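Participant: Mind having a look at this structure? Questions to follow.
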């Protein structure tokens with residue numbers, strides 16, 4: 001299985017595992033508290049599955065963490081997965097950094 005999560009330069013898939021371990025919670029207990037299958041959480045922790053926004057929210061609640069950085073990293077991973085191999089991807093990143101783009105300004 002190919003790793004699909006590349007959320008940050010510092011081994012991002014372990015952000016979930018390190019948060020769980022910091023709270024001294026087992027995978028089984030964390031998965032139950034987040035209302036997800038233990039196998040799903042294991043795949044998320046190992047970077048084999050991108051968590052849904054709802055799963056990120058639930059894990060952040062279980063670990064008493066701010067979900068905003070995890071949601072932002074999730075969005076970046078999703079964009080990279082969808083567009084990362086396109087020739088125009090670097091232009092997209094540049095435009096995001098500059099705050100340009102037409103469609104986001106439409107009402």
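Participant: Hey, among the residues in region 28-47 that are in a loop (DSSP other than H, G, I, E, B) and surrounded by 15 or more Cβ atoms within 10 Å (Cβ to Cβ), which one's nearest to the chain's Cα centre (by Cα)?
Facilitator: Top of the filtered list is 47.
Condition check ((1) in contact (Cβ under 8 Å) with a residue 60 or more places away in the chain; (2) in a helix (DSSP H, G or I); (3) over 13 Å from residue 19 (Cα atoms)) across all residues:
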residue: 56; (1), (2), (3): no, yes, no
residue: 64; (1), (2), (3): no, no, no
residue: 74; (1), (2), (3): yes, yes, yes
residue: 87; (1), (2), (3): no, no, yes
residue: 90; (1), (2), (3): no, yes, yes
residue: 93; (1), (2), (3): no, yes, yes
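Taken together, the values in this text are just the output of simple stated rules run on the coordinates, not laboratory data. Because the structure is predicted, anything quoted here is derived from the model rather than measured. Backbone-built Cβ (ideal geometry, glycine too); neighbour counts: all protein chains shown.
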